Amino acid sequence: MSIYETAQQLAQQIKESDEYRDFIVAKELMKADEGQYKMIRDFQMKQFEIQQAQLFQLDISQGKQQELERLYSLLSLNPAAREYLEAEFRISRMINDVQKIIGEAIIDVLPLGFEDNDQPQILA
């Protein structure tokens, strides 16, 4: 079996997983509720902004962090929104685990120096 066929099988197994199916159902429920959909998108955008700032080692204002926490608290009160966030977390965790397994298996193909975790510094 070729590596591409194996990758296709993995993709199919992911689509057949409980994590994937649960996420798709939760996502469709969110799309059906315009108000909740907007709140989820707003939460995700703010979360992304904070993650980008952390990635580039920029300061994150306490106000931005508190706003994200406030939005999360509001979303957690709604069962459908809470289920969406939990399903999103589970599918993301599964995908990250698969990427980690693959990454650890192919550590030898990293450019010189990177296998020792000696990565270049990001300049802000």
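Just so it is clear, none of the values below were taken in a lab; they were calculated from the coordinates. Bear in mind the structure is a predicted one, so any value in this text is a computation, not a measurement. A quick note on method: Cβ atoms are made from the backbone with ideal geometry, for glycine too, and the neighbour counts reach across all protein chains shown.
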request  = List the lysines whose Cα lies under 29 Å from the Cα of residue 15, skipping any in the same chain that are fewer than 8 positions away.
outcome  = 27, 31, 38, 46, 100
key: Helix-derived mean residue ellipticity, 222 nm - over the chain, DSSP H n ≥ 4, -39500 (n - 2.57), to 500   = -25500 deg cm²/dmol
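Report the charge-dipole magnitude of the chain in Debye, nearest 20, computed about the Cα centre from +1 at each Lys and Arg Cβ and -1 at each Asp and Glu Cβ.
Values: 13 positive and 22 negative charges, 105 e Å.
Its charge dipole is roughly 500 debye.
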message = Which one, 56, 45, 107, is farthest towards the positive end of the dipole of the chain when Lys and Arg carry +1 and Asp and Glu -1 on their Cβ?
response = 45
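Given the convex hull over the Cα atoms of the chain, what projected area results after averaging over all orientations, in nm²?
Details: hull surface 41.8 nm².
The number I arrive at for the chain is 10.4 nm².
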